[in-house]
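Everything below concerns the one structure shown next.
The values are calculated or read from the model by the stated rules, or taken from the named source; none is laboratory data. Since the model is a prediction, treat every value here as computed from it, not as a measurement. Ideal geometry is used to build each Cβ from the backbone, glycine not excepted, and the neighbour counts take in all protein chains shown. Keep in mind that these areas ignore ligands, DNA and RNA; they rest on the heavy atoms of the full protein, side chains included. Shrake-Rupley method; radii C 1.70, N 1.55, O 1.52, S 1.80 Å.
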Amino acid sequence: MYQKLKEYHVDGQKVYFQYEGSSKGEEPCVEVIADNIFNVFIDYTGMGHCTRAIEGELGRRLNCGKISENGKLESVSWEESGVVIRTKFLTVVVGDNFDVDFYNQEGMPLSLAYRGERKRNDAPSQAELQLLAKEGHEASGRSGADYQVQEIRSFDPKDCVYGLGDKTGVLNKRFYEYEMWNSDIPDPHEDNFKSLYKSIPFMLVSKEKGAYGIFFDNHNKTYFDLGKESDAYYVFGADAGNLDYYFIGGECLKEVISGYTWLTGRAPMQQLWTLGFHQSRWGYESEDEIRSIAAGMMKYDLPCDCIHFDIDYMDHYKVFTWNKETYEDGAKVIADFKEVGIKAVTIIDPGVKVEKDYYVYEEGVRNGYFAKTPEGEVYVNEVWPGDAVYPDFGKPEVRRWWGEKQKFLIDMGVSGVWNDMNEPASFRGPLPDDVVFTDEDVQATHAQVHNIYGHNMAKATYEGWKELTGKRPFVITRACYSGSQKYTTGWTGDNHSIWSHIRMAIPQMCNLGMSGMNFIGTDVGGFGSDCTPELFARWIQLGCFSPLFRDHCAKGCRGQEPWQFGEEVLSISRKYLNLRYELLPYLYDLMHECEVTGIPMMRPLVLEYEGDENVKNRNDEFMLGDRMLIAPVVEQGAREKLVYLPEGVWYDYWTGEKKEGKNFFVRTAPLDLCPIYVKEGAVIPKYPVRTHVGEDKDALLILEAYPGEGTYWHYQDNGEDFAYRKGAFNEYQIRSKDGRVEVEKIHEGYRPYVRMEVKTRKMIWPR
Ligand code: GLC
C-alpha cells in the first residue's frame, strides 16, 4: 500500500512518514515509547490509539494522541537505508513500503520487515474454505490470505517464539498458527486449538543473540501465523482496527517481559492466603456437603486456605443471590470456615437471569446496562440460569455498578471472586457480531469488544473489591486480554483428567506467565472426565509448584478431594500440601519480585538459561524462581524421569545429592516423588508446616541454606492490604556461604519475625 518514502517529520518522540501515492492523514508513524520500546502505528480507523491494555498515565496519553515522555529519541536522520531513528538501546530504520527494521545497540538486526514474496500456493480459496466449514472441518486455514490489517516480518532460522497467553500445545510456538478470539470450548483441549479463553496478542522471540517482543494491541479478532505459511517469515493481522504494535527489544527474554509488563502493568502482590491450597468442585450441592469438605481437610490433616463455591450456592444461578434452600445460612457457613482458617471464594458469571423482579436484572434493564440488539432490544442468549442478558462492561458506569454489587458477597463474608463464562460464553449459539456494546466512550459491536469482555468484567470486580475492602482483591478469571494481570489471576479453564492435559499444563502456564499472567493455575486433577489415583498424585505434585494451587472438577466426575483415591494418594497429597505451605515465603518473595519486575514465578527453563539449546523446547520441566527446578512426572506408569539440568551445580532436594549441570540423567521417581533440584548457593526461606496461611505467619522463618555462595532478598509484609506500598514491609538481604548465613535488614516497616532459624541441608557428595 505504501510505496516510495518521500518525506518524514518529527513531532516530539513521534516520527511520521509520507509515501508516494498516500495523502496527508494516512501517514504511518513510529513513536519512541521507552528506550527499548517503539510503537508502530497506522491509523486505519482514523480514531487514533484505542488501547485497553495500557492504562494509567501512559494509556491516557496514548489514547488521546499526546506525545509519550518516557523514551528519548536521540536522533533521526535520512541515510542510505532509510530514515534512521536512534534511542539509547535501539536503532529503527524505516524505508520504502513502510518497512520497519529494528537493530540493537551494536547494529545487529533484531527484527526485519519481510521483503520477499509471500508463499501463497497452498492457500485454500474462499470457496474451498466455505466447503471445508460446511463439512465441519476447521476453516481457518488462512495461510497465504491477507488480513484487513497485517504485518509480515522475517524469521531467522533459529528464532523460537513464546508467549501468546493460554494457547495449548508446546512451549515454543514457532511454526504454529493461532487466533485471538476468547473461546469457551468444552471439548478436551487439543494441541492444535487455535484459540482458547484468553487473548493475549503478545509474542516473544528468543534469537541466537538477543530477544524481542511484539505486542499487537488490537482487541478485534487477531491472527498469528508463526511459520505455517513459510519458514522465512511470520504474519500477524486483524479483521479490523489499526496496525498498532509495540516492539520491545532486549538482550534476553526477561528484559522483553519487563518491557511488556511495564507497558501493560505488572501482576500485583496477592494476599498471602491465596498462595495456600484451594479446594473446589462443581458442585458442592448443599451446605452439608460443603461443610463436609472443610471437615475432611481437617480430619485428614490437610492444610487448606480456601474452599470455592461454584454456581450451586446461588438461587437458580442468579448472580448476587444465595440459595436459601440448599445453603440455608451462607454467612454462618463462611463464618465457621473462617474460624478454622478457611476462606470462601464464590463464582460470579456475567450472564444475568432474565426474571421479573430479580433485582440485578431489573436494575440493569432500567439503567440500560445490558448489551442490545442492533434494533435496540436487550440482547438475550442462554447460560446457566436459562435466558440471560450480558452486562455491558465496556461502559465505566456499568463497571461501577458491578463493582458495587460485590458488596453482597463481601457482606456474606466471602474473600474473593471467581469470574467464569466471561468470553462471554453462550449456550444458544455465539453472540452475533453486531450485538451492541460500548467500548468506554463509544458504541461498539460485539466483534470489536469480544476479546476485552472478560478483562472489563475482572476490572469491575477488582475495583469494587478494592474500594469496598481496602484489601488486595482476589479475582480469578477465565477470559482476559493483555493487561488483565493488573486486576486478576487466572486459571486455564476446563481441562480434563487425561495425561495429555497434565503435560500440556506446563507449557501453558509458562507461556501465560511470560505473557504477564503471573498468578495462574490449572484445575488440579483435571476438570472433566474421571481422574485416576496415579494422575491425581502427579497433578498434586505439579499443583504444588503452580502459582494458583486449586483442585477442581466437574459435576458427574469422580470426586477429586485428596481423600478420594485411597491411603497412598492421600499421604502423597499431604506431603505436597505440606511442602507448599513450607515454601510459602519463597513463593511470596517471587510474587513480590513479579510486581517489581514482571518476571513470573513459574518460568520455563529458557527464561533463566536462554543461551542453552537444550532448554528452548523443554516442555516438561520448569523453574520456580531462579533457584528451584521442578521436573514433574507427567507419564502414566513412569517411575523415573529424564531430567535436564542447565549449567552450574545443583542439589537434589530430596537426597541432597550433588549434580553437575548441562547434563541429562534419569532420576528415580516413585509415585510419591516429584524431582526437585536446588541451585548451588541458594537460600530457600520456609515456614514450618501449618494448617493455613494465617497461622503464626510471622513466628518463625527458616532459612534453608545450600552449599555454595549466594545472595537472596527476602520480603515480608502483612500479606493483606496495600500498606506495603507506603513502606510497611521488611526486606532482608541474606548472604550465604557454605552454610554460613548472614541476614541484614535493609528495609524496616513491618513487625519482624519472632525467630529466624538457619538450616543447613545435609548434602551427599558423589562418591
Ligand atoms: C465452567 C467453568 C468451571 C465451572 C463450571 C460451572 O465450565 O469453567 O470451572 O465449574 O462452569 O460453574
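Can you give the relative contact order of region 601-646 as a percent, counting alpha carbon pairs under 8 Å and 6+ residues apart?
Across region 601-646, relative contact order equals 32 percent.
For region 714-758 and region 195-257, what is the separation of their Cα centres, given in Å?
Their Cα centres are 39 Å away from one another.
Could you work out the percent of alpha carbon pairs in region 309-363 separated by over 15 Å, rounded to a whole number?
Working: 771 of 1485 pairs.
Counting every Cα pair in region 309-363, those more than 15 Å apart make up 52 percent.
Could you work out what % of the accessible surface of region 212-295 is carbon and sulfur, using a 1.4 angstrom probe and leaving DNA, RNA and ligands out of the count?
46
Amide H to amide H under 5 Å from Ala34: which residues, 5+ apart in sequence or cross-chain, H placed 1.01 Å off N in plane?
Gly71
Where Rh is the Kirkwood radius over the Cα pairs of region 445-518, the temperature 4 °C and the viscosity 1.567 mPa s, what D in µm²/s does Stokes-Einstein return?
The calculation lands on 95 µm²/s.
Can you give the relative contact order of the chain as a percent, counting alpha carbon pairs under 8 Å and 6+ residues apart?
Relative contact order, the chain: 10 percent.
What are the residues whose amide H is under 5 Å from the amide H of His496, where those residues sit 5 or more places off or on another chain and H is modelled from the backbone?
Sorted by chain and number, the residues that satisfy this are His189, Phe527, Gly528.
Among Gln716, Leu671, Pro688, which residue has its Cα furthest toward the positive end of the charge dipole of region 635-767, with +1 on Lys/Arg Cβ and -1 on Asp/Glu Cβ?
Leu671
How many Å² of accessible area per residue for the chain, probe 1.4 Å?
36
Give the Debye-formula value of log10 I(q)/I(0) at each listed q (0.12, 0.24 Å⁻¹), with one equal scatterer per alpha carbon of region 556-648, two decimals each.
For region 556-648, the Cα-only Debye profile gives -0.54, -1.21.
Per the 1.4 Å probe, what fraction of the accessible area of region 501-660, in percent, lies on carbon and sulfur atoms?
Exposed carbon and sulfur together represent 43 percent of the surface.
When a/c reaches 1.5 or more, the comparison of a/b and b/c decides; with that in mind, is region 620-767 rounded, prolate or oblate per its Cα gyration tensor?
Details: a/c = 2.30, a/b = 1.71, b/c = 1.34.
Because a/c hits 1.5 or more and a/b exceeds b/c, region 620-767 counts as prolate.
Rounded, prolate or oblate: which fits region 254-370, taking a ≥ b ≥ c as square roots of the Cα gyration tensor eigenvalues, rounded meaning a/c under 1.5, else prolate when a/b beats b/c?
Taking the square roots of the gyration eigenvalues as a ≥ b ≥ c, region 254-370 is oblate.
Relative contact order for region 606-722 using alpha-carbon pairs under 8 Å, separation at least 6, rounded to a whole percent?
Answer for region 606-722 is 20 percent.
Can you list residues from other chains, or at least 5 along the same chain, whose modelled amide H is less than 5 Å from the amide H of Trp322?
Here the answer is Asp315, since their amide H atoms fall under 5 Å of that of Trp322.
Tabulate in residue order the Karplus-calculated ³J(HN,Hα) for region 738-753, using 6.51 cos²θ - 1.76 cosθ + 1.60 with θ = phi - 60°, rounded to whole Hz; enter x for Gly and Pro.
Once θ is set to phi - 60°, the couplings for region 738-753 become 6, x, 8, 10, 10, 10, 10, 7, 9, 8, 10, x, 8, 5, x, 5 Hz.
Could you give the dipole magnitude of the chain about its Cα centre, charging the beta-carbon of Lys and Arg +1 and that of Asp and Glu -1, in debye to the nearest 20?
With only Lys, Arg, Asp and Glu charged at Cβ, the dipole is about 1760 debye.
Where does region 393-545 land on Rg/Rh, using Cα atoms and the Kirkwood Rh?
1.02
Can you give me the convex hull volume of the Cα atoms of the chain, divided per residue and expressed in Å³?
164
Taking Rh as the Kirkwood radius computed over C-alpha pairs, what is the Stokes-Einstein D of region 1-122 at 37 °C in a medium of viscosity 0.692 mPa s, expressed in µm² per second? Present the calculation step by step, with values, prior to reporting the outcome.
On the way: Rh = 15.3 Å.
The calculation lands on 215 µm²/s.
Using all alpha carbons of region 333-410, what is the percent of pairwise distances in each 10 Å bin, ordered from the shortest bin to the longest?
Per 10 Å bin, starting at 0, the Cα pair percentages come out as 17, 43, 24, 13, 3, 0.
In the chain, with Lys and Arg counted as +1 and Asp and Glu as -1 at Cβ, which of these residues, Asn220, His308, Val94, has the Cα nearest the positive end of the dipole, that is, farthest along it?
His308
Are any of the pairs Lys4/Lys119; Lys167/Lys372; Lys167/Lys486; Lys66/Lys726; Lys318/Lys407 more than 26 Å apart by Cα-Cα distance, and if so, which?
Check vs 26 Å cut-off fails for Lys167/Lys372; Lys66/Lys726.
Does region 671-729 come out rounded, prolate or oblate, given a ≥ b ≥ c as the square roots of the eigenvalues of its C-alpha gyration tensor, rounded meaning a/c under 1.5 and, failing that, prolate meaning a/b above b/c? List each step's numbers first, then the result.
Numbers: a/c = 2.48, a/b = 1.42, b/c = 1.74.
Verdict is oblate for region 671-729.
Put +1 on the Cβ of each Lys and Arg and -1 on the Cβ of each Asp and Glu in region 166-219; which of Met180, Leu204, Phe193 then has its Cα farthest toward the positive end of the dipole?
Value: Leu204.
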